[in-house]
Amino acid sequence: MLLALARAKINLALEVRGRRKDGYHEVVTVLQSIGLADVLTFAPAEGGLFLEVSGEPVPKENNLVLRAAESLRQATGYQGGAFIRLQKNIPVAAGLGGGSADAAATLLALNRLWGLGCPEEFLERLGAEIGVDIPFCLRGGTALGRGRGDELTSLPSLPALGVLLVKPLYGLATATVYQEFDLHLHPPCFPAEEMTHWLYKGQWQLAVKSGGNVLEEVVFRRYPELRRLKEELLATGALCAGLSGTGPTLFALFPSWEEALDKASAFTVQGWRVWVTTTVRRGVRLFWGENDAATSAG
Ligand code: ATP
């Protein structure tokens with residue numbers, strides 16, 4: 001049995017540069033893996049793909065785990081199957097890329113379990129056909145995403161910073177937020193470029209302060225409570241705070257996990273869900289279960 005930790009992502013910075021011919025938006029974004037993770041287990045099975053889901057509600061039908069597994073089988077011609085269990089801890093439609101993380105974990109784990117030996121670049125290309133955040137979830141760490149967000153350049157890592165996540169009870173569909181975004185109403189700004197510059201200079205404190213997400217205006221206009229939430233997060237003395245992706249989750253960064261935990265209690269009130277974690281340097285971790293080779297696989 002192979003166990004995978006599928007880590008969520010936050011967008012430390014997000015610029016939208018225009019609309020592409022393929023219907024997607026052209027973005028420049030700084031992506032960061034965080035410790036909040038779904039847990040998946042994989043065991044070989046004859047004749048099919050079987051999925052069990054527990055935890056956060058997510059449909060089994062059309063699940064990204066099965067889509068990733070099926071596309072790996074098709075791309076390689078592999079005939080065997082797998083039993084997959086998904087313990088869903090990352091909230092769904094939250095801007096945290098949970099579905100992409102699960103798909104990335106599935107590609108890496110089944111590549112290992114089935115002994116396919118596909119190189120990581122191959123898995124990234126396969127993942128990009130399923131979802132734009134999957135290549136980042138495969139690579140993990142801190143990275144600049146261009147194009148649809150899937151043309152990646154790895155960036156110098158941040159230290160392990162404390163991350164406080166606060167989310168309202170509702171979710172938001174990515175497509176709806178982008179549909180409401182009007183390029184003409186947004187003066188050009190370049191938080192992702194600026195953040196990248198400071199990361200290359202080794203100035204992570206300046207880097208995290210230079211972030212920003214142009215989609216905040218769209219989301220905050222419709223949900224003013226999220227604008228107030230961002231102000232409250234900043235008022236705790238956080239290094240920075242912002243909307244992750246298309247939201248509705250907001251994140252705040254602190255110098256340590258303990259400081260993030262210390263500030264969290266102020267937000268554990270009715271109507272909000274709260275998580276405390278850290279930034280991490282890897283997207284997916286694989287481990288062999290006890291009955292198999294006892295070595296860590298990545
Ligand atoms: P992003 O920030 O990449 O847009 P998100 O965090 O906003 O992602 P997800 O949680 O990845 O959104 O879910 C997006 C959609 O994908 C949901 O409508 C959900 O039903 C569907 N989905 C399919 N499989 C999964 C999965 N394994 N986990 C989460 N969502 C899934």
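The values are calculated or read from the model by the stated rules, or taken from the named source; none is laboratory data. The structure presented is a predicted model; accordingly, all values stated were derived computationally and were not measured. Ideal geometry is used to build each Cβ from the backbone, glycine not excepted, and the neighbour counts take in all protein chains shown. In case anyone asks, the SASA skips ligands and DNA or RNA and just uses the protein heavy atoms, side chains included. Shrake-Rupley method; radii C 1.70, N 1.55, O 1.52, S 1.80 Å.
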Next item on the list: Being touching a helix residue (DSSP H, G or I) at 6+ places or on another chain (Cβ under 7 Å), among the hydrophobic types (A, V, I, L, M, F, W, C) and within 16 Å of the ligand (Cβ to nearest atom) is the filter here, so list the residues in region 244-268 that pass it.
Entry: Leu250
Next item on the list: Report whether or not Ala13 is out of contact with any Pro (no Cβ under 8 Å at 6 or more places or on another chain), crowded, with 17+ Cβ neighbours inside 10 Å, within 30 Å of Trp257 (Cβ to Cβ) and touching a residue at least 60 places away in the same chain (Cβ under 8 Å).
Entry: no
Next item on the list: Provide a single number: the residues in region 139-192 that are in a helix (DSSP H, G or I), open to solvent by 20 Å² or more (accessible area, probe 1.4 Å) and at pLDDT below 95.
Entry: 9
Margin query: Return the pair list, or none, for Cβ contacts closer than 9 Å from residues in region 39-51 that are surrounded by 17 or more Cβ atoms within 10 Å (Cβ to Cβ) to residues that are modelled with pLDDT under 95, at least 6 apart or on different chains.
Written below: Thr41/Met1; Thr41/Gly289; Phe42/Met1; Leu51/Lys60
Next item on the list: Go through Gly283, Gly289, Gly202, Gly211 for me and flag whichever is on the phi > 0 side of the Ramachandran plot and either touching a residue at least 24 places away in the same chain (Cβ under 8 Å) or among the acidic types (Asp, Glu) (or both).
Entry: Gly202
Check: If you scan region 203-238, which residues turn out to be touching a Gly at 6+ places or on another chain (Cβ under 9 Å), in a loop (DSSP other than H, G, I, E, B) and open to solvent by 20 Å² or more (accessible area, probe 1.4 Å)?
Finding: Gly211, Tyr223
Checklist line | Matching residues in region 1-44 - criterion: being within 16 Å of the ligand (Cβ to nearest atom) and either outside any strand (DSSP E or B) or of a type in the set (Ser, Thr, Tyr) (or both) | finding: Gly23, Tyr24, Thr29, Ser33, Thr41
Check: Going through region 51-107 one residue at a time, which ones are basic (Lys, Arg), in contact with a strand residue (DSSP E or B) (Cβ under 9 Å, 6 or more places away or on another chain) and near the ligand (Cβ under 10 Å from one of its atoms)?
Finding: Lys60, Lys88
Check: Given the conditions (1) farther than 19 Å from Val65 by Cβ; (2) of a type in the set (S, T, N, Q); (3) within 16 Å of the chain's Cα centre (by Cα); (4) within 11 Å of the ligand (Cβ to nearest atom), which single one is not true for Ser154?
Finding: (4)
Note to self: Being of a type outside the set (A, V, I, L, M, F, W, C) and buried (at least 20 other Cβ atoms within 10 Å of the Cβ) is the filter here; which residues of region 108-138 pass it?
What the structure shows: Asn111, Gly127, Gly131, Asp133, Pro135
Check: What about Ile84, is it under 17 Å from Val58 (Cα atoms), among the β-branched types (Val, Ile, Thr), out of contact with any Gly (no Cβ under 7 Å at 6 or more places or on another chain) and at pLDDT 95 or above?
Finding: yes
